[in-house]
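Below: one structure, written as structure tokens.
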Amino acid sequence: MLNSQYRRLVADTIKEVESNTDAEVVTVLAHEADNYLYISTLWAAFLALLLAPLMQFLPWWLEYEQAFTLQWILFIALALLFRWRPLTMRLVPKKVKYWRASNLARRQFLQQELHSTRGRLGLLIFVAEAEHYVEILADRGLAEHITDENWQEIVENFIHEIKRGKTGEAFVHCIEKCGELLREAAPVTTIKNELPNHLVILD
């Protein structure tokens, strides 16, 4: 997560960007989009069930109660092991991670009231750090003037910086790059601040 210095820097950068555009920028950082405990539990159950057909290759015979107990012990041990976050994230398919992060981004777009800005000029910069997922969601008033390809280039650079552990710097660079596009698509016509500038952090 970002320290207080970077949080202030993000807020200051948003304020600077919004002084040159009618658009409203909101940034949201989630440590993770989901805890994925159901997936780690499913993996543990699957591997524990595999123990049954493998028992026939054991050099000794196990009674039913012993085999059942062994399966339960294996399941509990694996379930606890797979809750270690780095391992959990490796067990989750990329499509599932991106799907969960994308859903959370769209919920945040509504919860942060970006759909209610004057002229439909809301812009959400959403990051799910554990998934290395970045999405920029622009409301209708901006989407008419800025193509998805423009946003995608900024997103790809952001993701590259996150993987290098530079989330704070990446946020600032992303806001600045978005500001350049926003200044052209929706130049400032009035001084306003409809939405908060601080970085919204989801624990």
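When exposed loop sites are taken as GluC sites (Glu not before Pro) in a DSSP loop with at most 12 other Cβ atoms within 10 Å, the longest stretch of the chain clear of them is 64-143. One entry in [x] 12.8; [y] 11.4; [z] 13.9 is mean projected area of the Cα convex hull in nm² calculated from the shown coordinates; its label is [z]. Spin-label pair residue 173-residue 189: with each label point 7 Å from Cα along the Cα-Cβ axis, the two points sit 3.4 nm from one another. Checked against a 21 Å cut-off, the cross-linked pairs 95/163; 94/177; 15/177; 15/192 give Cα-Cα distances beyond that limit for 94/177. Report the Cα centroid-to-centroid distance between the range 167-203 and the range 105-134 in angstrom, as an integer. Cα centres, the range 167-203 to the range 105-134: 11 Å.
Where the alpha-carbon atoms of the range 149-203 are placed on the principal axes, they occupy 38, 29, 15 Å, in descending order. Shown for the range 11-136: the carbon plus sulfur share of the solvent-accessible area, taken with all protein chains present and a 1.4 angstrom probe, equals 66%.
Starting from the eigenvalues of the Cα gyration tensor, five times each then square-rooted, give me the equivalent ellipsoid semi-axes of the range 100-202, largest first, whole Å.
Numbers: eigenvalues 96, 49, 34 Å².
Whole-Å semi-axes of the equivalent ellipsoid: 22, 16, 13.
Taking 0.36 nm per residue of separation and subtracting the Cα-Cα distance, what length does fully extending residue 87 through residue 38 add?
Working: separation 49, 0.36 × 49 = 17.64 nm, distance 1.37 nm.
Full-extension gain reported as 16.3 nm.
Subtracting the Cα-Cα distance of residue 164 and residue 63 from 0.36 nm times their residue separation leaves 31.2 nm of extension gain.
Taking the solvent-accessible surface of protein heavy atoms with a 1.4 Å probe, what is the per residue accessible area of the range 25-176 in Å²? Let's see the in-between values first.
Values: 8890 Å² over 152 residues.
Heavy-atom SASA per residue in the range 25-176 reads 59 Å².
The calculated 222 nm mean residue ellipticity attributable to helices in the chain amounts to -18500 deg cm²/dmol, summing -39500 (n - 2.57) over DSSP H runs of n ≥ 4 and dividing by all residues. Using a simple spin-label model with pseudo-atoms 7 Å out from Cα toward Cβ, residue 111 and residue 5 lie 2.9 nm apart.
The values are calculated or read from the model by the stated rules, or taken from the named source; none is laboratory data. Since we're looking at a predicted model, the values are computed, not measured. Note that each Cβ is placed from the backbone with ideal geometry, even for glycine, and that neighbours are counted across all protein chains shown. The protein model used for the area step is the full one, side chains on, heavy atoms only, and it has no ligands, DNA or RNA in it. Shrake-Rupley method; radii C 1.70, N 1.55, O 1.52, S 1.80 Å.
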